[in-house]
Amino acid sequence: IQVHPKDANLVYAAVLGNLFGESDDRGVYRSKDGGETWEKVLFVSNRTGASDISMDVTNPRILYAGMWHTYRTPWTIHSGSMDGGVYRSTDGGDTWKRLEGGLPTDVMVGKTAVSVAPADPNRVWALIEAADDKGGVYRSDDGGDSWTRTNDQRMLQQRAWYYIHIFADPQNADTVYALNTGFYKSTDGGRTWQDYDVPHGDNHDLWINPDHPQMMVNSNDGGANVSMNGAESWSTQMNQPTSEIYGVTTDSRHPYWVYGAQQDNSTAAVPGGIGGGFGPEDFYAVGGGESGHIAVDPHDYTTVYAGSYGGT
């Protein structure tokens, strides 16, 4: 989502649409009344949705969108087409143009992330999944008219369907962040990248304070973390109830306990009711992992079956 910096009622949303088939809802939408009503302003196809959107804060009529042809079936992931990539509007979303000028437009283009640098709106970043080893970090220094690939390392592109995110530093045009399984930062215009330790892997979003860019919040599969020093160190994740639970069951004791498999973590058993809130001391792992189901013997709660990957 992008909100006009001086008109909070003017909002743009990148919509991927139904992931499991054709969907006319895919594309970029605009609201002029704070989200009460929406109009679709960019539509490419019923298989191609919008994976990202970025706004030039110095001229909010200029927008960039990443368009991504994708859908899933029970047996495969489809990602990429000849109509994916970076699109630009210079009139507030009324019209759009697919950008070329050095971008990988002659091959299948998959997931695309885009970010305009507030420190220099002529600098635009794109992190692109593309066939024939043409993916990577692309940089434009003329507002999207021409592009140069600055980095093609696989660590920034791996598992593109699940990751690929890029964020420009609000005050330094040469500093940019990329999120994947790791947390990456470049300070030399996107050429080289340093891996920064974060409390949990699988990173998906980043908010950078526009007035104090050393302050940021990273969200990942384990929760959220705050840095006050440009990603050098982070707050803990042990102060927030952020576990994603895929399946729930209970045992037969009184009061009963509740069991579940945690996203990117172990399984957990917790009391069904406790005064004063929960803490780490109030749960334990019962075996298995995030992908598995848990079954408790109805006659003996000390006997538990828990699964994980590979049929374990």
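Kindly indicate which of Thr112, Thr105, Thr73 is more than 24 Å from Asp56 (Cα to Cα) and either aliphatic (A, V, I, L, M) or under 24 Å from the mean Cα position of the chain (by Cα) (or both).
Checking each option against the conditions leaves just Thr73.
Does Gly143 satisfy being at positive phi, in contact (Cβ under 8 Å) with a residue 24 or more places away in the chain, loosely packed, with under 15 Cβ neighbours inside 10 Å and assigned to a loop (DSSP other than H, G, I, E, B)?
Considered against the rule, which asks whether it is at positive phi, in contact (Cβ under 8 Å) with a residue 24 or more places away in the chain, loosely packed, with under 15 Cβ neighbours inside 10 Å and assigned to a loop (DSSP other than H, G, I, E, B), Gly143 comes out as no.
Can you work out which of the residues in the range 71-95 that are among the polar types (S, T, N, Q) and open to solvent by less than 30 Å² (accessible area, probe 1.4 Å) is modelled with the highest pLDDT?
Selected residue: Ser89.
Somewhere in the range 169-178, is a residue among the aromatic types (Phe, Trp, Tyr) and open to solvent by 10 Å² or more (accessible area, probe 1.4 Å)?
no
Going residue by residue through the range 125-132, is there one that turns out to be in contact with a Pro (Cβ under 7 Å, 6 or more places away or on another chain), farther than 17 Å from Asn59 by Cα and of a type outside the set (A, V, I, L, M)?
no
Name the residues in the range 150-182 that are closer than 21 Å to His78 by Cα and free of Cβ contacts under 8 Å to residues at least 40 places away in the same chain, would you?
Of everything in the range 150-182, those that are closer than 21 Å to His78 by Cα and free of Cβ contacts under 8 Å to residues at least 40 places away in the same chain turn out to be Arg154, Leu156, Gln157, Gln158, Arg159, Asn180, Thr181.
Among the residues of the range 41-58, how many are open to solvent by 20 Å² or more (accessible area, probe 1.4 Å), assigned to a strand (DSSP E or B) and touching an Asp or Glu at 6+ places or on another chain (Cβ under 8 Å)?
Result for the range 41-58: 2.
Please go through (1) surrounded by fewer than 22 Cβ atoms within 10 Å (Cβ to Cβ); (2) closer than 21 Å to Leu19 by Cα; (3) out of contact with any Leu (no Cβ under 8 Å at 6 or more places or on another chain) for Asp33 and return the number of the only condition it doesn't satisfy.
That leaves (2) as the condition not met.
Which members of the range 5-29 meet the condition of being assigned to a strand (DSSP E or B) and under 21 Å from the mean Cα position of the chain (by Cα)?
Matches in the range 5-29: Val11, Tyr12, Ala13, Ala14, Val15, Gly27, Val28, Tyr29.
Okay, residues lined up against (1) aliphatic (A, V, I, L, M); (2) surrounded by fewer than 22 Cβ atoms within 10 Å (Cβ to Cβ); (3) over 25 Å from Asp202 (Cα atoms); (4) touching a Lys or Arg at 6+ places or on another chain (Cβ under 6 Å):
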| residue | (1), (2), (3), (4) |
| --- | --- |
| Lys97 | no, yes, yes, yes |
| Val109 | yes, no, no, no |
| Ala117 | yes, no, no, yes |
| Gly136 | no, yes, no, yes |
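Would you check if Arg154 is of a type outside the set (A, V, I, L, M, F, W, C), farther than 17 Å from Lys185 by Cβ and open to solvent by 50 Å² or more (accessible area, probe 1.4 Å)?
Yes: the conditions hold for Arg154.
Kindly check whether there is at least one residue in the range 203-219 that is surrounded by 14 or more Cβ atoms within 10 Å (Cβ to Cβ), more than 27 Å from Val57 (Cβ to Cβ) and not aromatic (Phe, Trp, Tyr).
no
Among the candidates Pro255, Pro298, Pro241, Pro199, single out the residue that is touching a Gly at 6+ places or on another chain (Cβ under 6 Å) and either within 27 Å of Trp161 (Cβ to Cβ) or in a loop (DSSP other than H, G, I, E, B) (or both).
Just one listed residue meets the conditions, Pro255.
Give me a count of the residues in the range 119-134 that are within 18 Å of the chain's Cα centre (by Cα) and open to solvent by less than 10 Å² (accessible area, probe 1.4 Å).
Summing the residues that are within 18 Å of the chain's Cα centre (by Cα) and open to solvent by less than 10 Å² (accessible area, probe 1.4 Å) in the range 119-134 gives 4.
Among the residues of the range 271-278, is any in a loop (DSSP other than H, G, I, E, B), aromatic (Phe, Trp, Tyr), at pLDDT 90 or above and open to solvent by 40 Å² or more (accessible area, probe 1.4 Å)?
Within the range 271-278, none of the residues are in a loop (DSSP other than H, G, I, E, B), aromatic (Phe, Trp, Tyr), at pLDDT 90 or above and open to solvent by 40 Å² or more (accessible area, probe 1.4 Å).
Test Arg72 against the criterion of being farther than 24 Å from Pro5 by Cα and among the basic types (Lys, Arg), and give yes or no.
yes
The values are calculated or read from the model by the stated rules, or taken from the named source; none is laboratory data. Given the structure is predicted, the values throughout are model-derived calculations rather than measurements. Every residue, glycine among them, receives a Cβ derived from its backbone with ideal geometry; neighbour counts consider all protein chains shown. For the accessible areas, the whole protein counts, side chains as well, though only heavy atoms, and no ligand, DNA or RNA atoms are used. Shrake-Rupley method; radii C 1.70, N 1.55, O 1.52, S 1.80 Å.
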